[in-house]
Amino acid sequence: MKINQLKSRPEINDNAKLLKVYTQFESLITELEGLSLPDNVVDTINESIEQLNMTSNDRLLKETKKEQSKIIKLIEKQLKIVTINHYRNTWMALGMVVFGLPLGLAFSTSLDNMAFIGIGLPIGMAIGLAVGTGMDKKAQEEGRQLNIEISI
């Protein structure tokens, strides 16, 4: 099955933010065209593209971000394919919450000074970055990584 094409919109060149997001979505679709995807995944991608093609320009930015996020989650869950630095970005936030806050709480409690609660956040961020970078490297070695980095 073939992935549909996005409608060309020359009028979005005036809005730099919209142009960046729309171009990024086009790049994602181009990357996915190079893969052999199951029919149900292609159907979902085509539905997202049709939704965007019918969207008016005033709601296009929000809809493009929503559909892009939906497609990325779909290919990650069903095909285990991720974008560049996907795990790094995910684990950076998780590291701050899962490791950083408890470490900061432990420091502040042991030193009897609540000012040290924030010291755990950079430590947790570093741990999260290390874990995420390792997972990204593994995904790249296994050929499960698209050649595109998504910045939302």
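Bear in mind that the values in this text are calculations on the coordinates, not laboratory data. Predicted model only: the values in this text are computed from it and were never measured. So basically every Cβ, Gly included, is an ideal-geometry build from the backbone, and we count neighbours across all protein chains shown.
Helix 16-33 and the longest principal axis of the Cα set of the chain meet at an angle near 80°. Dipole magnitude for the chain: computed about the Cα centre from +1 point charges on Lys and Arg Cβ and -1 point charges on Asp and Glu Cβ, it is near 180 debye.
Treating r as the C-beta distance of K7 and N85 and R0 as 35 Å, the FRET efficiency rounds to 0.75. In this simple spin-label model, placing a label point 7 Å from the Cα along the Cα-to-Cβ direction at both T133 and I148 gives a separation of 2.6 nm. Here's the picture: charge each Lys and Arg Cβ at +1 and each Asp and Glu Cβ at -1 in the chain, and of F99, V21, I81 the one pushed furthest to the positive end of that dipole is F99. When the Cα gyration tensor is reduced to axis lengths a ≥ b ≥ c, the ratio a/c is 1.5 or higher for the range 112-152, and with a/b not above b/c it is classed as oblate. Among the lysines of the range 22-152, pairs at least eight places apart or on separate chains and with Cα atoms under 17 Å apart come to 8.
Residues of the range 39-57 with backbone nitrogen within less than 19 Å of a virtual label 7 Å along the Cα-to-Cβ line of K73, please, listed as ranges. Taking a point 7 Å out along Cα→Cβ of K73, the residues of the range 39-57 whose backbone N falls under 19 Å are 40-52. Look at the alpha carbon pairs under 8 Å that are at least 6 residues apart: their mean separation over the length of the range 1-123 gives a relative contact order of 19 percent.
Legend: ranking of residues I75, I150 from fewest to most surrounding C-beta atoms inside 10 Å; resulting order I150, I75. Across the chain, the fraction of Cα-Cα pairs farther apart than 21 Å, rounded to a whole number, is 56%.
Placing unit charges on the Cβ atoms only, positive for Lys and Arg and negative for Asp and Glu, gives the range 14-97 a dipole magnitude near 540 debye about its Cα centre.
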